[in-house]
Amino acid sequence: MASSIASTYDDLAAGYERYGASASPELYATLREVGLAPDARVLDVGVGTGLASEPLAREGALITGIDPAGAMLRYAKVRLPRAQLVQGRAEALPFSAASFDAAVAADVFHLLDGPAAIGELVRVVRKGGLVAVWWQTLSTESDILGHRAGATHDTGLDPVPEPLAGGFRAFYGGDGFTDRTVRAIPALIRTTVDDWMGLERARAEVRAAHGDQAGRWFDALESRLVGAYGAHDAPLDVRTLQYLYLGRT
């Protein structure tokens with residue numbers, strides 16, 4: 001990640017910590033199903049505030065996390081007090097070859113040089129280990145998609161590109177995997193209008209797309225959600241799909 005991206009995520013760290021949504025229990029069950037041991041040595045690339053690794057750490061995994069954003073790491077230290085946390089880049093990991101049993105990366109690969117990062121994950125995971133990369137996107141059944149489109153119409157701004165909408169070419173193009181599989185795992189986020197808007201306002205891709213106009217887009221989306229659901233504290237169910245890419249080294 002470039003330093004400008006790190007700076008952006010330093011600014012958004014508080015929002016991610018308060019409103020961020022972890023992957024579903026079904027995703028972690030899939031990781032166990034494919035052989036991720038409870039006490040594995042796991043590298044979390046783009047660890048952020050530690051959300052992705054928290055369920056693994058509770059089960060006994062030895063977590064090492066790396067992220068370029070210092071503010072993110074400060075939150076991760078609270079959530080993952082036993083983890084080793086390092087400020088650095090996925091494309092140049094400061095670890096020896098075969099240092100880990102597994103590497104995970106959640107909702108981060110759209111920010112990386114994909115081929116370089118995949119190459120580094122393969123390098124630092126032992127032979128026979130696991131690389132698991134995932135990100136979460138709105139299901140086509142989610143009403144939020146329509147409300148986002150409405151906010152774009154209301155403001156006259158361009159649509160925000162969907163991260164990794166074209167797929168994950170770096171995963172298929174990278175050398176070093178003996179096996180590759182992909183899972184699409186449905187999930188349901190139970191939240192409120194206010195909390196969902198907190199997460200929306202922490203979306204770096206909106207700020208990247210709209211710059212100083214991002215606030216107008218967020219306000220338009222909030223107005224639509226309050227109008228649709230009746231109140232800021234109204235319950236809101238958001239259907240998502242989690243795309244889980246699994247590579248065996």
(request) Would you mention how many residues in the stretch 96-130 are assigned to a loop (DSSP other than H, G, I, E, B), within 21 Å of residue 49 (Cβ to Cβ) and touching a Lys or Arg at 6+ places or on another chain (Cβ under 9 Å)? (result) 1
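Results for (1) farther than 21 Å from residue 160 by Cβ; (2) touching a residue at least 24 places away in the same chain (Cβ under 8 Å), shown as yes or no for each residue.
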| position | (1), (2) |
| --- | --- |
| 176 | yes, yes |
| 183 | yes, yes |
| 189 | no, yes |
| 200 | no, no |
| 224 | no, yes |
| 227 | no, no |
| 230 | yes, no |
| 234 | yes, yes |
| 241 | no, yes |
(request) Would you mention how many residues in the stretch 89-115 are closer than 26 Å to residue 206 by Cβ and of a type outside the set (Lys, Arg)? (result) 13
(request) Sort out which residues of the stretch 173-221 are more than 30 Å from residue 127 (Cα to Cα) and of a type in the set (S, T, N, Q), and write them in order of number. (result) 191, 192, 213
(request) Collect the residues in the stretch 72-107 that are of a type in the set (Phe, Trp, Tyr) and at pLDDT below 95, keeping them in residue-number order. (result) none
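The values are calculated or read from the model by the stated rules, or taken from the named source; none is laboratory data. Remember, predicted model here, so these are calculated numbers, not experimental data. In this analysis, Cβ positions are derived from the backbone assuming ideal geometry, glycine residues included, and neighbour counts consider all displayed protein chains.
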